[in-house]
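See structure below.
The values are calculated or read from the model by the stated rules, or taken from the named source; none is laboratory data. Note that the coordinates shown come from a computational prediction; the quantities given were computed from them, not determined experimentally. Cβ coordinates were reconstructed from backbone atoms using ideal geometry, including for glycine residues, and neighbour counts include every protein chain displayed.
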Amino acid sequence: MILLLSASLLRAEGNRSPNILILYADDFGFGDRGIQNTESKISMPQLDRLARQSIRFTDGHTSASVCTPSRYALLTGRYHWRDFQGIVRSFGASVFQPQRLTLAEMLRQSGYQTACIGKWQLGWNWEAIRRIDVAPVAEGARQVYGPNAFDWSRSIPDGPLAHGFDHYFGDSVIQLPALLLDRG
């Protein structure tokens, strides 16, 4: 799943500040795109065309081999292990500390508008929309909440919009059981 961070500068027409597009993908290697590997089996002509017309930074590294820590490091410039271990599970809390500056917040301070599109998996404040009148149910040794335990008409705080993004379209944790909240 791709986390797409897009920032565009909305200033006077004469401004030469660049638009910024970061494609951050799970399980996508350096040689998977044709522009970097003529033997690639994955055809993405539009991305290759965009790359030919842009400045590419090709010597990037992640802080971890899994999504939550690497996304956190990209957005904060900080090693995840200083603040947390592992990945955010279904209905997990945000990994961000309120005072921690994010890339999106820094871009906003510089006049950019930002969007995040794709898998977030950095946590939200699910407790803010949980209905207190619905009890968890036992599933084996775990206590879990089903979908009726949440008020889906309310906005879920402490997600991408709370950390500098002006727009967000995506999901929280797609590969994990989306209807279970581990309480034990």
ask   = Is region 140-152 home to any residue that is closer than 28 Å to SER65 by Cα and at pLDDT 90 or above?
value = no
query = Just one of GLN97, GLN113 is at pLDDT 90 or above, over 19 Å from TRP152 (Cα atoms) and touching an Asp or Glu at 6+ places or on another chain (Cβ under 6 Å); which is it?
reply = GLN113
message = Would you confirm, using the coordinates I've provided, whether TYR112 is more than 26 Å from TYR72 (Cα to Cα), crowded, with 16+ Cβ neighbours inside 10 Å and of a type outside the set (Val, Ile, Thr)?
response = no
task = Could you figure out which of (1) of a type in the set (A, V, I, L, M, F, W, C); (2) modelled with pLDDT under 90; (3) assigned to a helix (DSSP H, G or I) isn't true of ALA7?
result = (3)
ask   = Of the residues that sit in region 29-61 and are touching a strand residue (DSSP E or B) at 6+ places or on another chain (Cβ under 9 Å) and either of a type outside the set (A, V, I, L, M, F, W, C) or loosely packed, with under 11 Cβ neighbours inside 10 Å (or both), which one is nearest to MET106 (Cα to Cα)?
value = SER54
ask   = Which of the residues spanning region 157-184 are modelled with pLDDT of 90 or more and part of a loop (DSSP other than H, G, I, E, B)?
value = PRO157, ASP158, GLY159, GLY164, PHE165, ASP166
